[in-house]
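The values are calculated or read from the model by the stated rules, or taken from the named source; none is laboratory data. All of these numbers come straight from a predicted model, not from anything done at the bench. Positions of Cβ are generated from backbone atoms using ideal geometry, with glycine treated the same way; all protein chains shown enter the neighbour counts. Calculation scope for accessible area: heavy atoms of the full protein, side chains included, ligands and nucleic acids excluded. Shrake-Rupley method; radii C 1.70, N 1.55, O 1.52, S 1.80 Å.
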Amino acid sequence: MSRHVLVVGAQCRGAEELPGLEDAARRLHRVLVDPDLGACVDRGEGEAGSLLVGTALGKTAVENALTAAVGRAKDDGGPLVLALLGHGTGGCGGPLYFVTSGGTQDGEIHQLHVPSVIGTAANATGPSGLIAVIDTCHAAAALPDQQSATAGLQQGGLRLSLLFAASAHLPAWYMSLSVQLAELLESGVSTAGEFLGVDEPLIKELRTRIHTQEPGGFMFDGAPSSGGSLWLAHNVRSARRRAAGALGLLAGERLHKLLSPLEGPHGISSQEQLKDWLGGLEPERLGHPAVQRVAEFARDLHACAVAVTVLEETFGEALTDDLLRKAAVRAGFPREVVIRLPCPSLRDMVECAVLRQSAVAPAEQSRNLVHFVAALAHLISPGEALPQQLAAWAARSGVTSALNSRLIELRAATPRLVLVAADDGGEDVVRVDASLLFGSAVVHTAEFPCEPGPMPDALGAALEKARLWALSWLTAAGEQLVAVDVSVPTSLLLGSPPEEWKVVRGRRMLGVDYDVTTRWSGLLTPPSGVLLDEMLDAGSRLLSSLQSKARCGPSWLDLDDLSSVEKLQELLGRRRAGGCVWGVGALPEKDFDLMLEELLIHTPALVWPRHASACDTRALQVAVAEHWDSLPEKLLHAFQEQLEGVPGHLANIRTIWHDAHWQDFCQRRAGRAVVAPQDVTPKEQA
């Protein structure tokens, strides 16, 4: 027995046009024909279809479409859902007329007498019932009279549900009933049962959403053996439907595409139904490639169902839409999933993690699901041991180590934006590589090309695009951006520091709004003649050096050490690479660009004066020694305080900083396992 639908959106001309009517009609129709929701037969748009939308449709066209819809329901005994959207006249004690002619000023003879139409359709022999959704002004005046219900062709043996947008004497606004009803059917009602019908839970929920009018409903059931109740849609939030393995939106769409090339399967909307269908196939059909793809999909659905059950049992009481969004951002989900309204359900999120990756890449499917589960665990119970149910699921799924590793990455997971000014080994920066991190977990990446033009302007524009990109993600996650790493090649270190670059809206210095730490990109793109492994090893040695030596500052170089590149190279040749942070108290008069790279190749961290002139070398060294354990944060604050008029020697200092965070990021970019000291020193935390 099929379910049938006819949605009519009659638009008027000129000043009487109803904004949003066409979109509302199409959305309501889409929900009603969705196999997982309204489950009605989709016959497309047009006079012979299940959706009729247009200007001046005319009374005859609507009546013909309704006659055809009733005829189809009569042929197989199924119910009919009728939705009328548009202008309504009359009411206030009289019957409702549906304006089909193109203008409310046309006479009633050109309009549809709605009570009569509903009474006639409900009394038709054959259909198992009629559900009418009337989204017009005075919509309650669509109710058929008592004689039509009790003394019509069926002599009272009919089934009718009527959902109306407003009372008989009041207007309706903005197609609110259709829009909110469609959204409600998509999201479900937690207090309702397996199906959503015209009843108290549905109307109560609609009234909490619609404040400009008073929607209501009416139900009449006089059928001697009516069977199941009339319903509008499956309730996606019912406990029974979840237990039966009802599919989420993504799974429903994917299954529909997989089943389309095959003959026979229609109306499958749950794992249970899919399993039964596969189990009933002849052995020779199981080897068909299209059937094998469906079988693989069924296995993926089983993995989703198991994960949803475990997560609901573990975290069910703590789950909220906001929490799901935050977890989705940390798991690297597409932005359209994160910002979707209404918020996707837990099942939708799990399906997104598993099903948006190809079945031929099971490692990717597993990784995405692990990242989502880890994000939920971190957000709900940070720092605690995994709940027993979750640990058992991870062990059964073979993802214990991956889950534990991701939880470590998310530890103290404050957002951080890494902006890499990439020169690809040439002289000019060609793009900005942006990475958004939570803790040490890289969750989103993007590239922003530098357009042709003067480099400061071109680079600033690319950095601004990257900043706005990161903010779009963090806004969706309800997070704020504070820490920004800017990684630059040696050539850019000779000019103004990144915190002084006018990036924000092209006018405001980056360091005013954010804590900017300058990194050297040599551990990502080494200088010519230097191997990446050498640079990563130097960085690792530096971290070990900072951990093992009780040093209260950098190793300072004087002007004699910097008298020539050759003399500096000779000095560095006698010192172990990565043995210290180098400090330059006063800038040499020439070749500092060459010396800068030599120093950073030896140890990728450096302290030097912000300005070449008017530099008190002794005061600079004392200030660095005094605040060594709180660098670079102390430098960031000193820079911001100086902008506000608070003087201090620390504001005259620049750094290229290297710590465990940057070493870890560079190792991951290089595709290598991270080798770093087990213990993190105060210097690495700085």
Under the Debye formula (equal points on every Cα, no solvent term), log10 I(q)/I(0) of the range 583-627 at q = 0.18, 0.27, 0.32 Å⁻¹ = -0.57, -1.04, -1.17
note = Note on the chain: contact order normalised by length, alpha-carbon pairs under 8 Å, 6 or more apart, percent, works out to 7
ask   = Once you treat every alpha carbon in the range 282-367 as an equal point and sum by Debye, what is log10 I(q)/I(0) at q = 0.18 Å⁻¹?
value = -0.82
Surrounding net charge for E47, when Lys and Arg each add one and Asp and Glu each subtract one, Cβ distance under 15 Å = +1
query = What ranking of H4, H87, H288, H211 comes out by heavy-atom accessible area, probe 1.4 Å, highest first?
reply = H211, H288, H87, H4
inquiry  = Against the empirical 2.2 N^0.38 Å scaling, what ratio does the C-alpha Rg of the range 90-142 come to?
reply    = 1.21
note = Expected vector for the range 494-502, Karplus 3J(HN,Hα) from phi with 6.51, -1.76, 1.60 and θ = phi - 60°, integer Hz, x for Gly and Pro, equals 7, x, 5, x, x, 5, 8, 5, 7
query = Considering amide H positions built from the backbone, and no H for Pro or chain starts, which residues 5 or more places from R431, or on another chain, come under 5 Å of its amide H?
reply = A422, C450
note = In terms of the alpha carbon gyration tensor, root eigenvalues a ≥ b ≥ c, rounded if a/c is under 1.5 and otherwise prolate when a/b exceeds b/c or oblate, the range 22-153 is oblate
key: Cα-based Rg of the chain normalised by 2.2 N^0.38 Å, two decimals   = 1.29
query = Given a cut-off of 21 Å, what percent of all Cα-Cα pairs of the range 323-404 lie beyond it?
reply = 27
request  = Keeping all protein chains in position, work out how much accessible area E336 exposes to a 1.4 Å probe, and write it in Å² to the nearest 10.
outcome  = 120
request  = Assign one of three labels to the range 616-658, namely rounded, prolate or oblate, based on the Cα gyration tensor with a ≥ b ≥ c the square roots of its eigenvalues; rounded applies when a/c is under 1.5, prolate when it is not and a/b is larger than b/c, and oblate otherwise.
outcome  = oblate
message = Rounded, prolate or oblate for the range 52-115? Axes are the square roots of the Cα gyration tensor eigenvalues, ordered a ≥ b ≥ c, and the cut-off for rounded is a/c under 1.5.
response = prolate
query = So how tilted is helix 455-477 from the main axis of the chain? Cα-based, degrees 0 to 90, rounded to 10.
reply = 50
ask   = What value, in deg cm²/dmol to 500, does the helix sum -39500 (n - 2.57) over DSSP H runs of n ≥ 4 give at 222 nm once divided by the residues of the chain?
value = -12500 deg cm²/dmol
request  = State, to one decimal in nm, how far the label point of D221 lies from the label point of Y174, with both points 7 Å from Cα in the Cβ direction.
outcome  = 3.5
key: Label point at S564 placed 7 Å out along Cα→Cβ; residues across the range 575-593 whose backbone nitrogen lies under 18 Å   = 588-593
query = What is the dipole size for the chain, taken about its Cα centre, with +1 at each Lys and Arg Cβ and -1 at each Asp and Glu Cβ, in debye to the nearest 20?
reply = 1000
message = Expected output is a single nm value to one decimal: the length gained when fully extending between R335 and S2, i.e. 0.36 nm times separation in residues minus the C-alpha distance. What is it?
response = 116.2 nm
task = Quickly rank 564-576, 494-506 as a protection proxy: mean count of other C-beta atoms within 10 Å, highest first.
result = 494-506, 564-576
request  = Note down the magnitude of the dipole of the range 307-390 about its Cα centre, charges +1 on Lys and Arg C-beta and -1 on Asp and Glu C-beta and zero elsewhere, to the nearest 20 debye.
outcome  = 340
key: Overall Cα dimensions of the range 440-555, principal axis frame, Å, largest first   = 43, 36, 27
task = Take the alpha-carbon positions of the range 308-463, form their convex hull, and give its projected area averaged over all directions (one quarter of the hull surface) in nm².
result = 11.4
query = In the neighborhood of A651, defined by Cβ-to-Cβ distances under 12 Å, what is the net charge if each Lys or Arg adds +1 and each Asp or Glu adds -1?
reply = -1
ask   = What's the extension gain from E200 to E16 if we count 0.36 nm per residue and subtract their Cα-Cα distance?
value = 62.9 nm
request  = Any chance you could check the Cα centroid distance between the range 381-457 and the range 578-619 for me, in angstrom?
outcome  = 31
query = Going 7 Å from the Cα of A61 in the Cα-to-Cβ direction, what parts of the range 1-18 have a backbone nitrogen less than 20 Å from that spot?
reply = 5-18
inquiry  = Just want to confirm a number: the relative contact order over the range 568-613, from Cα pairs under 8 angstrom separated by 6+ residues, in percent.
reply    = 50
query = Short version: what are the Cα gyration tensor semi-axes of the range 377-474, square root of 5 times each eigenvalue, largest first, in whole Å?
reply = 38, 13, 9
Nonlocal amide H pairs with D485, under 5 Å, H built at 1.01 Å = L417, V418, L419, T517
inquiry  = Just to be sure I understand: of the beta bridges DSSP finds with both ends in the chain, what percent are antiparallel, rounded to 5?
reply    = 45
ask   = Which peptide among 365-371, 9-15 comes first, and what is the full order, when sorted by highest mean count of other Cβ atoms within 10 Å?
value = 365-371, 9-15
inquiry  = Under 8 Å for C-alpha pairs, at least 6 residues apart: give me the relative contact order for the range 72-132, rounded to a whole percent.
reply    = 47
